[in-house]
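A quick write-up on the structure given underneath.
The values are calculated or read from the model by the stated rules, or taken from the named source; none is laboratory data. Remember, it's a predicted structure, so these values are computed and weren't measured experimentally. Cβ atoms come from the backbone with ideal geometry, glycine included; neighbour counts cover every protein chain shown. Areas reflect the complete protein model, heavy atoms only, side chains present, ligands, DNA and RNA absent. Shrake-Rupley method; radii C 1.70, N 1.55, O 1.52, S 1.80 Å.
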Amino acid sequence: MSEKKGKRVLWFDEIGIEDVPLVGGKSASLGEMTRRTGVPVPYGFATTAEAYRYYVKANRLDEKIAEILKELKDPNDTQTLQRVGARIRSLIASAEMPKDLEEEIVKAYERLAEIVGEKDPFVAVRSSATAEDLPDASFAGQQETYLNVHGANEVVEKIKHCYASLFTDRAIFYRIQKGFDHMAVALSAVVQLMVYSKASGVIFTLDVATGDRSVVLIEAGYGLGEYVVQGKITPDEYYVRKSDLEIVKKNISKKTVQLLRLPTGGTKEVPVPPELQDKQVLTDEQIKELAKYAIEIEKHYGKPMDIEWALDERTNKLFILQARPETVWALKKAEVVEEKPAVTKERKVLVQGLPASPGIAVGRVHIIPTVDRINEFQKGEILVTEMTAPDWVPAMRKAAAIITNSGGMTCHAAIVSRELGIPCIVGTASRGTPATEVLKDGMMVTVDAKLGVVYEGILEEYAEKPEKVEAAPTAVTVAEPYIITGTKVYVNLGEPELAEKVAALPADGVGLLRQEFVWSSEIGEHPLYMIETGRAEEFVNKLAEAFRRICAAFYPRPVVMRFSDFKSSEYRELKGGEKYEPVEPSALLGWRGASRYYDPKYIEAFRLEVRAVKKVREEYGLKNLWVMIPFCRRVDELEKIIKIMEEEGLRRGPDFKVWLMAEIPSNCLLADKFNKYIDGYSIGSNDLTMTILGCDRDNETVAHLFDERDLAVKRAIRLLIKLAHRDGKTVSICGQAPSVYPEFTEFLVRSGIDSISVNPDVVVQTRKLVASIEQRIMVEKATGRGMREDPDLDIPLDDKE
């Protein structure tokens with residue numbers, strides 16, 4: 001860096017990350033990517049910290065600035081902060097640019113014009129402070145950016161305004177909080193060729209809501225990227241798995257406005273054409289291309305990154321505009337375990353949105369429509385607004401929770417809230433009525449920013465805690481070590497109130513969510529009776545709420561919900577059930593499971609279950625909810641059920657899997673036929689054993705013949721695994737046997753089962769058992785001394801058939 005010291009202008013290919021003290025984090029990062037990575041970065045140059053200091057010294061600004069700053073005794077005094085900031089900015093922006101420095105800038109701009117072959121090319125002029133974008137904070141955007149700047153004189157003028165923006169209210173406040181010397185911080189101005197953006201946005205090389213580093217999160221909106229960064233729109237969200245670039249999840253939002261560049265300079269907000277508002281902004285190929293760039297940038301820097309990108313309307317080429325370290329999850333070393341909130345049965349949901357910064361808070365609503373009123377905001381209140389910006393940080397620090405109408409998971413409010421550890425819900429307008437229209441000043445509310453829900457009043461369990469009840473997560477050490485196994489270990493669950501406790505176990509998800517408990521304890525009425533009495537929506541909402549509590553507790557781990565599998569005798573016990581249910585001599589083999597779902601006498605009730613699943617996935621955004629179809633005797637039954645689900649808007653895809661309960665011999669014998677309609681199986685070992693052996697375990701006379709370890713049952717399971725794997729389908733088991741018989745677990749692992757789901761009390765010991773079995777198998781393969789299996793387990797089967 002020594003040869004660069006003293007220079008006032010440097011080109012991108014002359015600087016790198018080692019030059020942060022000279023040109024700031026933003027400029028250094030652009031130079032680093034230009035010189036040392038293969039990602040496309042619009043070319044440009046940067047004025048250095050030396051140029052800024054020369055400007056300040058030539059105009060004798062330092063003493064004047066220091067004198068004005070003496071008036072600010074308390075940075076939390078918003079009115080004084082605003083007055084002091086405005087005076088300093090005016091002082092800096094109105095000063096004269098020294099002639100020799102101006103000539104250097106103009107010469108560099110003219111050289112840039114020669115490189116691109118244009119007269120007076122359009123550029124973006126961005127600020128890069130030497131204390132901005134460093135690893136210990138993420139208040140990016142403290143200084144100003146000017147887009148679509150045209151002509152040398154205008155470039156010089158915007159650089160002066162960038163210098164002035166070193167003293168925005170938020171920057172002054174930030175430096176006081178961090179203990180930075182105001183006069184020791186300098187600013188570099190980035191002059192970068194303008195991308196004529198028809199789309200743009202932000203990339204994080206992890207899931208900012210969970211810290212999951214296996215995915216890339218891309219946010220996209222139309223036009224210039226300022227509206228995505230500022231949270232003025234709710235952008236599309238695309239999640240891409242790093243290992244194979246598969247797009248695992250998409251959230252397509254309604255985008256009504258965009259910021260466009262004007263041919264003559266400057267920008268303008270215009271409506272998004274109606275035909276594009278609900279359309280995916282990027283093609284799948286473009287999403288994957290951006291993910292590749294993001295992975296390359298993360299690999300180069302060796303840490304999670306926050307990246308801005310744009311798509312040029314002239315060439316349809318993607319560009320990377322800047323990259324900086326992600327600063328929340330990247331600093332957390334230990335695994336995060338959250339204490340899940342308890343939820344009362346009776347509550348009124350006022351507002352729903354995206355859970356941007358998890359936590360629970362209660363307090364009094366204070367709506368702040370514009371930044372000039374933030375001095376009205378009091379500590380411990382719930383901040384409600386359209387969207388925050390960096391100027392809002394002094395008020396945000398005082399808030400018990402933050403709620404915004406717009407924005408996505410990477411908007412300003414979301415990022416700052418996560419760093420401050422304040423519960424935050426964003427994008428309420430995209431999930432219904434905007435928060436500012438529903439909530440009223442002075443209203444007491446409970447903010448559940450884990451689920452993205454605002455409740456009226458204070459939930460009973462938080463009644464004695466008047467301010468922030470539970471902050472966003474902090475890193476803690478997990479009590480029970482999470483042993484990694486090739487065979488996934490899931491947990492069986494049926495009671496929503498146990499979800500938070502069970503989710504802390506080292507389970508890979510819920511392999512069996514039984515909904516019968518919810519029906520009997522929280523609904524208590526037959527669904528057809530509720531339809532007849534005009535309360536179908538009540539049924540859907542109650543069921544969805546139960547699912548949501550479990551899915552939120554386990555997110556992002558999958559939750560496999562089994563559709564209702566009452567026997568007719570059990571349905572009759574629900575209120576109103578006598579009218580709709582037959583009296584069957586053998587309910588075990590009667591009208592149950594799949595045979596109900598397409599039956600004209602019951603189909604409308606099944607549709608309610610499907611709608612509850614759709615509500616959880618689409619309205620609540622919990623895409624980790626999958627489904628499982630029980631007791632399906634025939635392939636044509638399964639085909640009918642899949643069609644009903646599709647009619648209700650549920651279709652199999654990368655983030656929505658459909659499993660089949662394997663609990664009838666036909667499921668095993670015809671697995672090659674069932675495979676066409678599903679993604680996996682879960683063996684119900686209890687019913688499978690009864691139907692294979694023709695033995696009712698509840699019949700005392702023959703109960704002694706019931707045994708899941710019978711050779712016939714094991715052969716059926718072996719056959720199922722082989723036929724399923726042949727077509728790329730997974731196999732799990734959710735019956736009682738693995739929880740009771742360790743030798744049966746070993747049989748399953750050696751047979752190649754993909755996952756085992758057990759009761760909560762044996763999750764830890766089952767994971768340890770599975771790990772020991774897998775290690776033993778590896779040793780046997782390495783030494784050639786394998787355990788001899790029962791030869792009777794082998795099934796003659798030609799793999800080609």
Step by step: first the residues of the range 644-677, then only those that are of a type outside the set (A, V, I, L, M, F, W, C) and in a loop (DSSP other than H, G, I, E, B), then the one that is most open to solvent (accessible area, probe 1.4 Å). Which residue is that? Arg651
Name every residue in the range 70-85 that is farther than 15 Å from Tyr163 by Cβ, assigned to a helix (DSSP H, G or I) and touching a Phe, Trp or Tyr at 6+ places or on another chain (Cβ under 9 Å), in order of residue number. Thr78, Leu81, Val84
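Residues to consider are Val155, Val106; find the one that is out of contact with any Ser or Thr (no Cβ under 6 Å at 6 or more places or on another chain), at pLDDT 85 or above and within 22 Å of Leu260 (Cα to Cα).
The conditions single out Val155.
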Find the residue count for the range 687-723, including only residues that are open to solvent by less than 30 Å² (accessible area, probe 1.4 Å) and under 37 Å from the mean Cα position of the chain (by Cα). 4
Odd one out for Ala553, checked against (1) closer than 30 Å to Tyr239 by Cα; (2) at pLDDT 90 or above; (3) of a type in the set (Gly, Ala, Ser): (2)
Kindly provide the set of residues from the range 278-315 that are in contact with a strand residue (DSSP E or B) (Cβ under 8 Å, 6 or more places away or on another chain) and polar (S, T, N, Q), ordered by number. Gln280, Gln286
Only residues that are touching a strand residue (DSSP E or B) at 6+ places or on another chain (Cβ under 7 Å) and either in contact (Cβ under 8 Å) with a residue 60 or more places away in the chain or under 16 Å from Ala594 (Cβ atoms) (or both): list them for the range 669-682, please. Phe674, Ile678, Gly680, Tyr681, Ser682
Quickly run through the range 577-616 and pick out the residues that are in a loop (DSSP other than H, G, I, E, B) and open to solvent by less than 20 Å² (accessible area, probe 1.4 Å). Glu581, Gly590, Arg592, Gly593, Tyr602
If you go through the range 102-111 one residue at a time, do you hit one that is surrounded by 15 or more Cβ atoms within 10 Å (Cβ to Cβ), free of Cβ contacts under 8 Å to residues at least 24 places away in the same chain and β-branched (Val, Ile, Thr)? no
Taking the conditions exactly as written (of a type outside the set (Ser, Thr, Tyr) and within 22 Å of Phe656 (Cα to Cα)), does Lys729 satisfy them or not? yes
I need the full set of residues from the range 212-224 which are open to solvent by less than 20 Å² (accessible area, probe 1.4 Å) and not in a strand (DSSP E or B), in order please. Leu224
How many residues of the range 1-53 are of a type in the set (Asp, Glu) and out of contact with any strand residue (DSSP E or B) (no Cβ under 9 Å at 6 or more places or on another chain)? The answer is 4
Within the set of pairs 6+ apart or on separate chains, which have a first residue in the range 280-292 that is over 20 Å from Pro304 (Cβ atoms), a second that is of a type outside the set (Gly, Ala, Ser) and assigned to a helix (DSSP H, G or I), and C-beta atoms under 8 Å apart? Leu282/Leu290
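Being of a type in the set (A, V, I, L, M) and either surrounded by fewer than 15 Cβ atoms within 10 Å (Cβ to Cβ) or touching an Asp or Glu at 6+ places or on another chain (Cβ under 8 Å) (or both) is the filter here; which residues of the range 480-497 pass it?
Correct list: Ile483, Ile484, Val489.
Gly752: within 30 Å of the chain's Cα centre (by Cα) and surrounded by fewer than 18 Cβ atoms within 10 Å (Cβ to Cβ), yes or no?
Spelling it out, it is not the case that Gly752 is within 30 Å of the chain's Cα centre (by Cα) and surrounded by fewer than 18 Cβ atoms within 10 Å (Cβ to Cβ).
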Just wondering, is there one or more residues in the range 272-281 that are open to solvent by less than 40 Å² (accessible area, probe 1.4 Å), within 26 Å of Arg617 (Cα to Cα), assigned to a helix (DSSP H, G or I) and at pLDDT below 95? yes
Condition first: in a helix (DSSP H, G or I), more than 20 Å from Tyr163 (Cβ to Cβ) and open to solvent by 30 Å² or more (accessible area, probe 1.4 Å). Now tell me which residues in the range 1-57 satisfy that. Asp13, Glu14, Ile17, Glu18, Thr34, Arg35, Arg36
Name the one entry in Glu460, Glu500, Glu467 that is open to solvent by 60 Å² or more (accessible area, probe 1.4 Å), farther than 19 Å from Arg767 by Cα and at pLDDT 75 or above. Glu460
Count, please, the residues in the range 345-388 that happen to be within 17 Å of Ile172 (Cβ to Cβ) and either acidic (Asp, Glu) or open to solvent by 30 Å² or more (accessible area, probe 1.4 Å) (or both). 3
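Is it true that Lys440 is within 13 Å of Gly363 (Cβ to Cβ), part of a loop (DSSP other than H, G, I, E, B) and at pLDDT 85 or above?
Numbers: within 13 Å of Gly363 (Cβ to Cβ): no; part of a loop (DSSP other than H, G, I, E, B): yes; at pLDDT 85 or above: yes.
In short, no.
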Taking the range 617-626 as the region of interest, how many residues are surrounded by 16 or more Cβ atoms within 10 Å (Cβ to Cβ) and out of contact with any helix residue (DSSP H, G or I) (no Cβ under 6 Å at 6 or more places or on another chain)? 3
Just to be sure before I move on: is Asp136 surrounded by fewer than 21 Cβ atoms within 10 Å (Cβ to Cβ), part of a loop (DSSP other than H, G, I, E, B) and at pLDDT below 90 in the structure I sent? yes
Within the range 251-268, does at least one residue satisfy the condition of being crowded, with 23+ Cβ neighbours inside 10 Å and closer than 19 Å to Glu285 by Cβ? no
Counting only residues in the range 170-198 that are small (Gly, Ala, Ser) and surrounded by 18 or more Cβ atoms within 10 Å (Cβ to Cβ), the one nearest to Lys7 (Cα to Cα) is identified as Ser188
Residues of the range 678-692 that turn out to be assigned to a loop (DSSP other than H, G, I, E, B) and modelled with pLDDT of 95 or more, as a count: 2
Pull up the range 624-643, narrow it to residues that are under 24 Å from Lys250 (Cβ atoms) and part of a helix (DSSP H, G or I), then point me to the one that is nearest to the chain's Cα centre (by Cα). Ile642
What's the number of the condition Gly85 fails, among (1) surrounded by fewer than 17 Cβ atoms within 10 Å (Cβ to Cβ); (2) touching a residue at least 24 places away in the same chain (Cβ under 8 Å); (3) more than 13 Å from Ile159 (Cβ to Cβ)? (1)
Kindly establish whether Gln177 is of a type in the set (S, T, N, Q), touching a residue at least 40 places away in the same chain (Cβ under 8 Å) and part of a helix (DSSP H, G or I). yes
Restricting the range 225-236 to residues that are of a type outside the set (Asp, Glu) and in a helix (DSSP H, G or I), which is least open to solvent (accessible area, probe 1.4 Å)? Val228
